[in-house]
Structure formats: C-alpha cells, structure tokens
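J.: Let me begin by handing over the structure; questions about it come next.
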Amino acid sequence: MALPLFAKIRAYHASLLALTALTYFTGELGEVHEFLGYGVAGIIVLRLLWGLIGPRQVGIARFFPHLDELRHSRISDPAVSRLIISIVAVFLIATTATGILLEEPTAKMTSSAQLATASAAATAERSGLLVTAAKADDEHGGNKSKEGWLEEVHELAANLLVLAVAAHVLYLFIFKRDLALYMLFVREPKRP
C-alpha cells in the first residue's frame, strides 16, 4: 500500500527536522556533526528533486510567495506562511552549504597522498619555505581567517535557522493548529 501524498510530506518533514536538530546539537562533535550535515544535504537534494519531478502539490514554487500576495495579505494568509517557509529554506541551505565548504579536503587524502604531502612539507621546512609561507599567510589574513569567517557565517545561519523554525512552528500553532499537530504526529487529520 502506497503512502498518501501528505503522509510522504510528513515523513520528509520529520526526517529533515530530526536530522537538522541532531546536526545542530552535535556542533562540537566534529565528524558526527559533519556526517549528520551530509544527511541534511542529502534530504535537501532529494526534496529539490521531488519538487521538480513530483506532483504539483510538492512543487518548490508553491513555497515561495509572490510579492503581490504579501502586499495585500493578512497575517493569517498562506502567503505569510510561504514567506516563513522560504526564510527557513534559505537559512537551512546557507547553513548546509557553509558546512560543506568548511569540510577540509585534506581529511579525505589517501595514505600515499598524505605521505607525499608530509615529505614535501619536510623538504619545505628544511629549506625555510614553510616558515615564510606561514608568516605570509598570517600577515595577509590567509586560510585561517577565511575559515574563521566562513565558520562565523555557518554558525550565524544555523542560529537564524533555529529562530526561523521557531517562527514557523509558532505561526502554525496560532493559525493552523490541526496541521501543526498532524505534522508533529500528535493528531491524525480530521475526516469529513
């Protein structure tokens, strides 16, 4: 028996929520945080694909409000809900993208590449090149400052994501309580 469309949306939503929350709360756990972050990235990619090739009801365009709708809407209109979802999506994608950019490519080196790098570093250190390069990097705001800046953006986007999700949940509880309770697996939808 195939799941109804709204049950699939709820399953996607629950998976994204669980993985995102776990990723957020494991921010200081290095590889665990990275692994979970890649899981979030996978869910985002699957959702984008589903939005492109799936039924019209799950299309990506449905989640983004038109500016005309926002100008003439009340706080309880669907356009406001779509705006909040758009903000959540922007911060989720920004957090995930900056997290992926922070991943060090050297962590994926093979042992032969590591040996070659270590050998080159030893040669450079003996010749004094490594010390000179490190000093130049520090003086001109090299890789460490770029990584620091990117990490700050990553953390800011993650914290803004938490605020946007809180606004989304609050909005749903105020204006669409039955939907919020259904999405949280507390209540089944009312049957006509």
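Coordinate-derived values only; no laboratory data. Note that this is a predicted model, so its numbers are computed, not measured. Please note: Cβ atoms are built from the backbone with ideal geometry, for glycine as well, and neighbour counts cover all protein chains shown.
J.: Rounded, prolate or oblate, given the Cα gyration tensor of region 5-70, with a/c below 1.5 counting as rounded? Don't skip to the answer; put the middle values down first.
T.: Values: a/c = 2.55, a/b = 1.91, b/c = 1.34.
In terms of gyration-tensor shape, prolate.
J.: Still on this structure, I have one more. What's the magnitude of the charge dipole for region 1-62 around its Cα centre, counting Lys and Arg as +1 and Asp and Glu as -1 at the beta-carbon? Answer in Debye, nearest 20.
T.: The calculated dipole for region 1-62 is roughly 540 debye.
J.: Restricting to Cα pairs below 8 Å that are 6+ residues apart, what does the relative contact order work out to for region 1-62? Please round to a whole percent.
T.: 24
J.: Further question on the same structure: Quick check: net charge around A41, other residues with Cβ under 13 Å of its Cβ, Lys/Arg +1 and Asp/Glu -1?
T.: Working: positive: R47; negative: E34, E103.
Local net charge: -1.
J.: Once the dipole of region 1-62 is set up with Lys and Arg at +1 and Asp and Glu at -1 on Cβ about the Cα centre, which of L22, A41, G59 lies farthest towards its positive end?
T.: G59
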